[in-house]
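Data block below; observations after.
The values are calculated or read from the model by the stated rules, or taken from the named source; none is laboratory data. These numbers were taken from a predicted model, which means no experiment stands behind them. When we count neighbours, we look across all protein chains shown, and the Cβ atoms used for this are built from the backbone with ideal geometry, even at glycine. Heads up: the accessible areas ignore ligands, DNA and RNA and are worked out on the full protein's heavy atoms, side chains in. Shrake-Rupley method; radii C 1.70, N 1.55, O 1.52, S 1.80 Å.
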Amino acid sequence: MSERRPVSYEDVTGSLRERARDALADAELGGNLKASSASWAAGRARMGEAHPFAEMRDRGREIRRRSVRELPELLDLLEQRVVEAGGVVHRAADGADACRYVARLAHDRGASLVAKSKSMATEEIKLNEALEEAGLRVVETDLGEWIIQLAGDHPSHIIAPAVHLNKDQVADLFATESGAPVPREREALVAHARRRLREVFAAADIGISGVNLAVAESGTVCVVENEGNGRLVTALPRVHVAVMGMERVVRSWSDAAHILQLLPMAAIGDDAAGYVNLITGPRRDDEADGPEEFHLVVVDGGRSALRGTEFEEALDCIRCGACLYSCPMWRSIGGQAYGSPYSGPIGAVLTPLLEGPTSPKAAELPFMSSLCGACHDACPVKIPLHDLLVRARAVAEPPGRGRDRLAISLWSRLWSTRAGYAATRVGARIGARLLGRRGWLSRLPGPGRAWTEQRDLPTRWPPRP
Amino acid sequence: MARRALDAFAGDEPVVVPSGSCAAMVRHAYPELFAGTPDESRAVDLADRVFEFSQYLAREDLAPASAASGSVAYHDSCHMLRILGERESPRRAIAGVAGLELVEMEGRDVCCGFGGTFSVTHPEVSGKLGEDKARNAAATGADELVACDASCLLHIAGRARRCGIPLRVRHLAEVLDS
């Protein structure tokens, strides 16, 4: 029996609306989000001119649809090839299973220090917590991840986890960590992080990485990064553990090459990532470096149950984060208000699917959207995110859902008859005349209250300011 | 309600809707809503002959003889732009009004934050986006903000008034009627 652990963070409290309100009140956060979104949009605009992005998206979608359809076969092939290359594959039914496997491995190898490169899958399954509970020291080595580890924060973006912080906030964190003042210039901060993290790479017993893409035909995992830390994490320690969500696989190198190009284009507006590490098994006898052991942990965690459902396309995601930057809601409140490792449109779809639609915290997420569709336009594999959000709302059961359903069903019944529709028009007209002042209403009772909390309501059209 | 609409609009006449969002609902969502039901073919049929107002003008090559003076900014409402794919038709209609100038605003294709029930489920986020939209529109110096969705305009105008931003709004059809 698999235990279902929550994907969203247990220390995140309050309702989504309250968390959103707090985020909106944080002017520094607003500025940081605005700057990072603008920089992403500029990159994307450049890409749009340099590449036939529209055609690339079509091919990307075709590859991901096909890969998810063939998933069981691809995973078998991947496992076979990894084992042939000398690696070990563990298929984990859920996050708890995956965490147990890695913790036991660390125990068996007598490890004490774990160096990690960026991985959303390990964030999803809360691997760091599990390893720390097992007595290990875990250090994130991606700059952004290290920053939020020091801050005790959760990631606010799939590929840019610390994008909600600015460099002054980062300098303060570094100073606290090292117990000495740190220069506040960008380059000096990076140099400081590099120095501190080199000590970790050299001493770590185990390196844990995520997987951006696995290529079934050769048993290769691809780790895409821009800092070089991924290369050190996967090459220096004696043991390398790669953790992947089970859908992160394609059949061939021809498929992989396309996705590996599409990913940085969508994510950072660049046609190549800084480092693309291609790892096939552990170090071979004739090789000078690389780990002695390679373990691939393939996490299901609710994914296989999505195949063949109306939500299957959520598995197509390549985790580029473009839908977050494109989303007016995410740009307004940032990722942390979502309370899940996966924020923005894909997070609002994926979190309740992985956690279960009856989880109150996850079930609120699909409603943090105006369904504007900007995410669909931004998605490099054309996931119809706005449609998935509508379907996710249909099955979600957040607090107060029963009351909303009743109200909507009464409304629907009222407007299904000519007389009912006419009656609401007459009622609205009378109400506007009674309550309106100079063509405007500023306070409505009952269900209209939420409207007038933020806006006035014109009683004449066109409204006069 | 949707089944009522199928009954009410039976036949083979084109159906013209003064809202990009409503047109998108029928065009895009009705076929999915009725998929696998006895009404599926009627839903697909209606989806094929429903047109947003400016879309219909462009399709039939209609140009109302209207004249005005001054300038307007145009808000690309979400479903109009991203589901119906209509960027040009409303701009062409505005360009057809003698004496009227179209001014493009910053963030013209960013959601205004209305989003139907979203406006009352998350009024604060909705209000923030409405304020951004109203400020961008006012910053153009245009005389009014025009859109093809009255619900967006209702929200933007109401938010503008609450924030003290002077902004007039009108539906495209009202502009062409002048």
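Values computed for the structure shown
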item	result
Computed FRET value (nearest 0.05) for B:Ala139 with A:Arg429, which takes r as the C-beta separation and R₀ as 35 Å	0.50
Under-5 Å amide H pairs with A:Val88, H placed in peptide plane, nonlocal only	A:Phe294, A:His295, A:Leu296
Chain lengthening between A:Glu453 and A:Ser416 when straightened (0.36 nm per residue, less Cα-Cα)	10.4 nm
Cβ neighbours within 10 Å from other chains - mean over A:446-457	6
Mean-position separation - Cα centroids, region B:136-178 and region A:222-241, in angstrom	53 Å
Ranked packing of B:74-80, A:192-198, most packed first, by mean Cβ within 10 Å	B:74-80, A:192-198
Unsatisfied cross-links (Cα-Cα over 24 Å) in the set A:Lys361/B:Lys133; A:Lys126/A:Lys382; A:Lys34/A:Lys167; A:Lys118/A:Lys167	A:Lys361/B:Lys133; A:Lys126/A:Lys382
Nitroxide proxy distance, nm - points 7 Å out along Cα→Cβ at A:Ser304 and A:Ser112	3.9 nm
Rounded if a/c under 1.5, otherwise prolate or oblate - region A:16-304, Cα gyration tensor axes	oblate
Label-to-label distance, nm, for residues given as A:Arg464 and A:Glu133 (7 Å Cα→Cβ offset)	6.6 nm
Karplus-derived 3J(HN,Hα), 6.51/-1.76/1.60, for each residue of region A:236-244, Hz, glycine and proline x	7, x, 5, 10, 10, 10, 9, 10, 9
Dipole magnitude of region A:16-304 about its Cα centre (Cβ charges: Lys, Arg +1; Asp, Glu -1), debye to nearest 20	460 debye
Relative contact order (percent, whole number), chain B, Cα cutoff 8 Å, 6+ residue spacing	22 percent
Derived scalar couplings ³J(HN,Hα) [region A:323-330; Karplus, 6.51 cos²θ - 1.76 cosθ + 1.60; whole Hz; x for Gly, Pro]	5, 5, 4, 7, 7, x, 6, 4
Magnitude of the charge dipole, chain B, Cβ model with Lys/Arg +1 and Asp/Glu -1, debye to 20	580 debye
Point-to-point label distance, B:Glu104-A:Arg195, nm (Cα→Cβ direction, 7 Å offset)	4.9 nm
Among A:His90, A:Val102, A:Gln80 the positive-end extreme of the charge dipole of region A:68-112 (Cβ point charges)	A:Val102
Cysteines (scope chain A) whose Cβ has no counterpart Cys Cβ under 4.7 Å	A:Cys99, A:Cys222, A:Cys317, A:Cys320, A:Cys327, A:Cys379
Neighbouring partner chain Cβ atoms per residue of B:23-32, average, 10 Å criterion	1
For peptides A:341-354, A:204-217, A:376-389, sequence by mean Cβ density within 10 Å, most packed first	A:341-354, A:204-217, A:376-389
Partner chain coverage, peptide B:153-159 - average Cβ within 10 angstrom	6
Amide H partners (placed H, <5 Å) of B:Glu52, local residues excluded	B:Val17
Vicinal HN-Hα couplings computed from phi for region A:175-182 (Karplus, 6.51 cos²θ - 1.76 cosθ + 1.60; Hz; Gly/Pro x)	5, 5, 5, 8, x, 8, x, 10
Chain A: relative contact order as a whole-number percent, Cα under 8 Å and 6+ apart	20 percent
Length-normalised contact order for region A:223-297 - Cα pairs under 8 Å, 6+ apart - percent	52 percent
Residue-level accessible surface for B:Arg87, protein heavy atoms, 1.4 Å, Å²	90 Å²
Extended-chain gain in nm, criterion 0.36 nm per residue less alpha-carbon gap, A:Thr176 and A:Ser252	22.7 nm
Among B:124-130, B:160-166, A:323-329, A:63-69, the order from most to least packed when residues are scored by Cβ within 10 Å on average	A:323-329, B:124-130, A:63-69, B:160-166
FRET efficiency, 1/(1 + (r/R0)^6) with R0 30 Å, evaluated for A:Glu217 and A:His51 via beta carbons	0.70
Global geometry of the protein assembly as shown, whether rounded, prolate or oblate, following the gyration tensor of its Cα atoms and the 1.5 cut on a/c	prolate
Region A:423-460 and region B:49-126: distance between their alpha carbon centers, rounded to Å	25 Å
Whether region A:418-458 is rounded, prolate or oblate, judged on the alpha carbon gyration tensor where a/c under 1.5 counts as rounded	oblate
Dipole of region A:325-432, positive direction: furthest Cα of A:Pro341, A:His376, A:Pro398, with charges on the beta-carbon	A:Pro398
Per-residue [θ]222 nm for chain A (sum of -39500 (n - 2.57) over DSSP H runs n ≥ 4, rounded to 500)	-15500 deg cm²/dmol
Of B:Leu167, B:Pro90, B:Ala73, farthest towards positive along the dipole that unit charges on Lys, Arg, Asp, Glu beta carbons give region B:66-176	B:Leu167
Antiparallel DSSP beta bridges within chain A, as percent of all bridges there, nearest 5	30 percent
Net lengthening on full extension, A:Val395/A:Glu62 (0.36 nm per residue, minus Cα-Cα)	117.1 nm
Net dipole in debye of region A:107-218 [+1 Lys, Arg Cβ; -1 Asp, Glu Cβ; about Cα centre; nearest 20]	380 debye
Interchain or long-range residues, amide H under 5 Å from A:Leu441's placed H	A:Leu457, A:Thr459
